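Before any comments, here is the structure.
The values are calculated or read from the model by the stated rules, or taken from the named source; none is laboratory data. Small disclaimer: the values here were computed from a predicted structure and weren't measured. FYI the Cβ positions are ideal-geometry reconstructions off the backbone, even for glycines, and counts take in every protein chain you see.
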Amino acid sequence: MNITWVLGLPTGHESGTFLALDLGGTNLRVCKVELHGPSSAVSQKHTLVQEQYKLPSEIKTSTAEELWAYVAEYLEKFMKKMGLLEHYNREKPMPLGFTFSYPAIQYRIDHGILQTWTKGFDIKGVEGEDVAAQLRHAIERKKLPIELICLANDTVGAMVASAYNDPETIIGAIFGTGCNAAYMQTLSKECIPKIDLKDEEWEQLKSDDGSKSTIAINCEYGAFDNAHRVLPRTSFDEQVDAESPRPGEQAFEKLSAGLYLGEIFRLVMVQLADKGLVFKNQDREKLRKPYSIDTGFLSQIEDDESPKFNKTYDLFKETLDLSPSDQEIELSRRLAELIAVRGARLCACGIAAICTKEGIEKGHVAADGSVANKHPKFKRRWAKALGEILNWHQTDEKQKNGGPIKITSAEDGSGVGVAVIAAMTLQRKSQGNTIGMF
Ligand code: BGC
């Protein structure tokens, strides 16, 4: 679990203009975010313009120099396109919030040492290094008028962006290519022994009105059970792990996140085909290609209500060049369901663990990510599992309307969220509270 130095949730009054950079699994996104602050109605609380660039797949296995040069180039392109180079200079740089969706130890808010790449990334020269410093160098090399103010995990961004509009937000969660969540923890020596501060610094962190201060914690629970002491794994799970760029890492994520669900499905099908049980006498070359099936494939199978499941047939034909029989389609539907149900129930366990540990009984879990947003049955399965773990019985008042802890669609964490964090950080700095900063 990583300390993030995001102190407290936003008031909704934060304002200013910021650059937001999001290095995601498939895209690089650059945004200009204007936060309008207190006076505006909810629908106009911010304005955002953005450009999205597809990350070339070679980048994922390149080097630190190549990665950051690529990122700086697109920051420059964006600033030019939006006419921002005319408004900012080296004396008055544009503040930047950086969403970095990988596990990073943060000794300060504008700093993050990458612990390990996840989600299939394998870029050399970044693990064990401060990614904020590497980005800063690339920005300096290009002489861009940008100042990196904060680095934030996507889960923290999702929580903050959602809390900016919805005060009932308790957790930010990503159920997408990877899985993870962030929550607010009481800021005290007892609750967070990992924080190493002097007594006078603890004093400084106390809020003015005497109420308890809080800090966002990035759980990084995708790495839960890396030692394999708790969760049972199938031979297919073991294979996914063994053939990944980082075997032994992200054990929980490899059972539950979008990047892996399609691959588990594929491995089962390959084994059945090798045993001569499915797709006999058909060309299985495409099926043999690792990661040729994504989570969207499973979602579409589960979503198919066409007579005789024609859509599933077409999907197999288009994606894998296979012609499934009626029985093979039925088998695929059952398998897609098993894999997705297990994933959704594990995702509920992560959130239930936070709620149980913190004694949280109600509120909104602001969720983002392709599985949460695009899988037709994910949210329902997740909510049912959460109710079971937290003992909201079917007849109980609590279970009505989906229970007191609800999954909501997160606001744009990697755009608006990180801009709000940058605004909170600058505000804190102007008030002289610079612990965990600069
Ligand atoms: C990363 C997390 C991230 C999650 C969702 C995981 O692989 O370790 O930092 O929040 O993916 O994007």
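Residues considered: 163, 251, 223, 158. Of these, the only one that is closer than 20 Å to residue 351 by Cα, surrounded by 24 or more Cβ atoms within 10 Å (Cβ to Cβ), in contact (Cβ under 8 Å) with a residue 24 or more places away in the chain and within 12 Å of the ligand (Cβ to nearest atom) is 158. When the residues of the stretch 246-305 are filtered to those that are within 20 Å of the chain's Cα centre (by Cα) and of a type in the set (Lys, Arg), the one that is nearest to residue 228 (Cα to Cα) is 254. Contact map, the stretch 227-245: first residue more than 21 Å from residue 336 (Cβ to Cβ) and touching a residue at least 24 places away in the same chain (Cβ under 8 Å), second residue part of a helix (DSSP H, G or I) and of a type outside the set (A, V, I, L, M, F, W, C), Cβ cut-off under 8 Å, separation 6 or more or different chains; pairs are 244/254.
Taking the conditions (1) surrounded by 15 or more Cβ atoms within 10 Å (Cβ to Cβ); (2) away from the ligand (no atom under 16 Å from the Cβ); (3) not basic (Lys, Arg); (4) not in a strand (DSSP E or B) in turn, residue 25 satisfies each one other than (2). Of the strands (runs of 3 or more DSSP E) contained entirely in the stretch 100-210, not one carries at least 2 residues that are modelled with pLDDT under 95, within 29 Å of residue 261 (Cβ to Cβ) and out of contact with any Cys (no Cβ under 8 Å at 6 or more places or on another chain). Once the stretch 226-244 is narrowed to residues that are within 15 Å of the ligand (Cβ to nearest atom) and closer than 17 Å to residue 289 by Cβ, the residue that is surrounded by the fewest Cβ atoms within 10 Å (Cβ to Cβ) is 244. Inclusion of residue 221 among residues that are at pLDDT 95 or above and closer than 27 Å to residue 109 by Cβ is warranted.
Listed here are the residues, each with its yes/no results for (1) away from the ligand (no atom under 13 Å from the Cβ); (2) on the phi < 0 side of the Ramachandran plot; (3) touching a residue at least 40 places away in the same chain (Cβ under 8 Å); (4) surrounded by fewer than 18 Cβ atoms within 10 Å (Cβ to Cβ).
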{"site": "81", "(1), (2), (3), (4)": "yes, yes, no, yes"}
{"site": "91", "(1), (2), (3), (4)": "yes, yes, no, yes"}
{"site": "117", "(1), (2), (3), (4)": "no, yes, yes, no"}
{"site": "128", "(1), (2), (3), (4)": "yes, no, no, yes"}
{"site": "135", "(1), (2), (3), (4)": "yes, yes, yes, no"}
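Of note, residue 194 satisfies the criterion of being basic (Lys, Arg), in contact (Cβ under 8 Å) with a residue 12 or more places away in the chain, away from the ligand (no atom under 12 Å from the Cβ) and under 30 Å from residue 24 (Cβ atoms). Would you pick out the residues in the stretch 93-115 that are among the aromatic types (Phe, Trp, Tyr) and either under 18 Å from residue 18 (Cβ atoms) or within 12 Å of the ligand (Cβ to nearest atom) (or both)? Listed by number, the residues that qualify are 98, 100, 102.
Kindly check whether there is at least one residue in the stretch 214-234 that is closer than 25 Å to residue 152 by Cα, of a type in the set (A, V, I, L, M, F, W, C) and more than 23 Å from the chain's Cα centre (by Cα). Within the stretch 214-234, not a single residue is closer than 25 Å to residue 152 by Cα, of a type in the set (A, V, I, L, M, F, W, C) and more than 23 Å from the chain's Cα centre (by Cα). The residue list 258, 296 contains one member that is small (Gly, Ala, Ser), within 17 Å of residue 344 (Cα to Cα) and away from the ligand (no atom under 16 Å from the Cβ), which is 296.
Filtered by the rule that a residue be of a type in the set (Gly, Ala, Ser) and at pLDDT 95 or above, the stretch 41-75 gives 62, 64, 69, 72. With respect to (1) closer than 18 Å to residue 4 by Cβ; (2) of a type in the set (Lys, Arg); (3) modelled with pLDDT of 95 or more, the lone exception for residue 428 is condition (3). Set side by side, the residues 32, 45 differ, and just one is of a type outside the set (A, V, I, L, M, F, W, C), closer than 17 Å to residue 416 by Cβ, under 21 Å from the mean Cα position of the chain (by Cα) and surrounded by 15 or more Cβ atoms within 10 Å (Cβ to Cβ), which is 32.
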